[in-house]
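Please treat every number below as a calculation from the coordinates, not as lab data. Bear in mind that the values here come from a model prediction, so they are computed numbers and not experimental data. Backbone-built Cβ (ideal geometry, glycine too); neighbour counts: all protein chains shown.
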Amino acid sequence: MADRTPPTVTHTTTIGPDVDLDAEDVRLTDGSRLTEDRAAEIVDEVRRRAGRPSLTGAAAASPRITFRITPNTRDRAAEIAAQEGKTVSQLAREALEERVAAGERRA
């Protein structure tokens, strides 16, 4: 089977009518037939994979904390993170986890 380049889809792309996959013979790249049930499974798989993986290891959303910092602090954090091969989020998470652990030891 020749390589196929999928068409570019934008917000102005016309979407055709729904296809009755139980009546139409639509094939996946591996040659297997796409049915309504298989299409639903694919949608579920894609939805589960969306976003970053949970920090808990479970299929659950990790809580977020948002706070403001100065541009200088952001720039320095980015430099340190790059030197350590980390993201700024990883650097901030480690710093907060260390501070929370220190507070627990004092309590």
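If we count every other residue with Cβ under 15 angstrom of Asp18's Cβ, Lys/Arg +1 and Asp/Glu -1, where does the sum land? Once positives and negatives cancel, what remains is -4.
Between Asp18 and Val46, full extension at 0.36 nm per residue minus the direct alpha carbon distance yields a gain of 8.1 nm. Residue ranges 90-103, 17-30 sort as 90-103, 17-30 when ordered by packing (mean number of other C-beta atoms within 10 Å per residue, highest first).
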